[in-house]
């Protein structure tokens with residue numbers, strides 16, 4: 001049994017070992033996904049999330065002495081990516097309707113009571129920025145985050161209503177966000193399904209499911225902001241980085 005297959009067997013039951021295995025095989029996983037799609041795939045593409053989940057599936061199904069792990073993983077990755085591309089091809093022919101409340105021109109009536117105080121605060125802080133360039137970057141970050149959160153079915157401005165109100169809840173949400181962004185697999189599951197993996201995240205973070213369900217939008221947004229390129233918005237979540 002070679003070193004890679006020893007690592008695979010260890011990764012079946014050890015999340016840290018799995019993360020290390022993904023890290024050392026990231027380029028290979030992306031190459032298999034790229035060959036399957038016949039285009040260059042990066043780790044910001046949905047195909048990466050599909051490939052990563054397929055890699056995890058291969059790790060869990062691998063048995064010692066049953067052949068090459070990479071041969072198994074490549075087969076599972078190709079199969080799952082092809083399934084995904086077929087499903088996306090079917091969905092491309094369907095009519096897609098985006099709720100008007102999330103089109104970036106929110107009013108209190110149209111958005112069903114979206115908290116307009118958040119919009120005013122964002123506008124005021126952008127206007128108070130040291131220069132127009134920073135204000136422009138702030139607006140650009142908010143617009144980009146709006147597009148990301150729309151995929152999850154809610155708006156950036158919904159966060160005012162689901163943000164933690166007590167210090168204890170705030171710390172629990174921070175723990176959940178830290179755990180989420182520390183796990184490539186959990187982030188991949190969330191981004192692929194556009195849902196917070198509540199059961200898995202609760203087990204990994206120790207945060208109760210009821211709290212995760214209540215604050216799922218806040219946790220999703222926090223993870224997307226801190227795992228992405230949003231330096232201005234990330235400044236409001238600096239407390240998450242500190243235990």
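The values are calculated or read from the model by the stated rules, or taken from the named source; none is laboratory data. No experiment lies behind these values; they were computed from the predicted model shown. When we count neighbours, we look across all protein chains shown, and the Cβ atoms used for this are built from the backbone with ideal geometry, even at glycine.
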**Asked** When region 183-213 is examined, which residues are found to be within 12 Å of the chain's Cα centre (by Cα) and free of Cβ contacts under 8 Å to residues at least 40 places away in the same chain?
**Response** 186, 190, 193, 196, 197
**Among (1) in contact with a helix residue (DSSP H, G or I) (Cβ under 9 Å, 6 or more places away or on another chain); (2) without any contact (Cβ under 8 Å) to a residue 60 or more places away in the chain - the single one residue 56 does not satisfy** = (2)
**Prompt:** Wholly within region 167-243, which helices (runs of 4 or more DSSP H) include no fewer than the required count, namely at least 3 residues that are modelled with pLDDT of 90 or more?
**Reply:** 167-182, 184-193, 198-205, 209-214, 216-226
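Return the total of residues in region 26-56 being outside any loop (DSSP other than H, G, I, E, B) and either crowded, with 19+ Cβ neighbours inside 10 Å or under 19 Å from the mean Cα position of the chain (by Cα) (or both).
Number satisfying all stated conditions: 17.
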